[in-house]
1. Determine which residues of region A:58-80 fall in the zone a paramagnetic label at residue A:17 would reach in this model, i.e. backbone nitrogen under 17 Å from the point 7 Å along Cα→Cβ.
2. State whether region B:1-59 is rounded, prolate or oblate according to the following rule on the C-alpha gyration tensor (a ≥ b ≥ c being the square roots of its eigenvalues): a/c under 1.5 gives rounded; otherwise a/b larger than b/c gives prolate, and the remaining case gives oblate.
3. Pairs of Cα atoms under 8 Å, at least six residues apart: use those to get the relative contact order of chain A, whole percent.
4. How shielded is A:99-109 by partner chains, expressed as the average number of their Cβ atoms within 10 Å of its Cβ atoms?
5. With label points built 7 Å along Cα→Cβ from the Cα atoms of residue B:12 and residue A:65, find their separation and express it in nm.
6. Apply the Kirkwood formula to the protein assembly as shown: the hydrodynamic radius equals the inverse of the mean of 1/r over all pairs of different alpha-carbon atoms; give it in Å with one decimal.
7. Once you average over the residues of B:100-107, how many Cβ atoms of partner chains fall within 10 Å of each Cβ?
8. Give me B:7, A:46 sorted ascending by neighbouring Cβ count inside 10 Å, so fewest comes first.
C-alpha cells in the first residue's frame, strides 16, 4: 500500500471544466512534488513544494495551478485543459530536500475530452 | 545537464532467469542513484538506492552497485519471477534546498514468462 494517497483515481473532464487533483501524505515529509507521466514515458517534474512554499515550477502552463494548504496536502487545480494534457498525474513526497527517495502515490489518470 | 540512459526494452525472460538492466548516467557533482519499479496501473515504488560510490543497494532479491568509475548503476536479480513483470526506471537525484530533483531514464519494460 502506498503512503501517498491521491484522489480521484480517474478523472474525465471537458476543456472548459475546472477540476482539482488531491494528494495527501502523513509521513511528516516536508517536500511534495507533482509529476506528469505520458504513456510509455518516464515521469516529468512539474512542481516542487518545500516547507509549503513553491520552490520549483518547471515552466508549466498556467492552466495548471498548484496549491499546498498545509504540510500534508497538495492540490493541483486544472482549468481550460487541452486533450494533450491527458496523462497520469503523480504526486510524491520526500523527507527532506537532499538525497531522500521520493515516495509516489498511485496517480490520477486524467482524460481531457 | 544530468542524464540517465537505460537499455531499451522490452526485456523478455523465462521464470528463474538472471536479470540485468543496464543504467549509465551523466551528472555533475555527486548524485544519489535510485531504481524505481512501476507495476501496471500504479505509481512508482522505490526499489533500491545508493547514495555514494561503491554503495550497493538491495531489496527483494534485486541489487545494484554505484560505480563511479563507469558511471553505472546496473540492476540485477539472480532469479526473476512472473510477479517481477513491470517497468523499471533508473534515476539520479541531485538534492538541493529547492527539492530532490530526480532525473529518470526512459524506463525498461520487463516481461517474465512462466
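Read-outs throughout are calculated quantities, based only on the coordinates presented, and are distinct from any laboratory measurement. Fair warning: this is a prediction, and the values are worked out from it, not measured in the lab. Note: ideal-geometry Cβ built from the backbone for every residue, glycine included; neighbour counts use all protein chains shown.
1. Backbone N within reach: A:63-65, A:76-80.
2. Working: a/c = 1.65, a/b = 1.64, b/c = 1.01.
Judged from the Cα gyration tensor, region B:1-59 comes out prolate (a/c at least 1.5, a/b above b/c).
3. 38
4. 6
5. Computed distance between label sites residue B:12 and residue A:65 equals 4.9 nm.
6. Kirkwood hydrodynamic radius for the protein assembly as shown: 18.0 Å.
7. 6
8. Numbers: B:7 17, A:46 20.
Result, fewest neighbours first: B:7, A:46.
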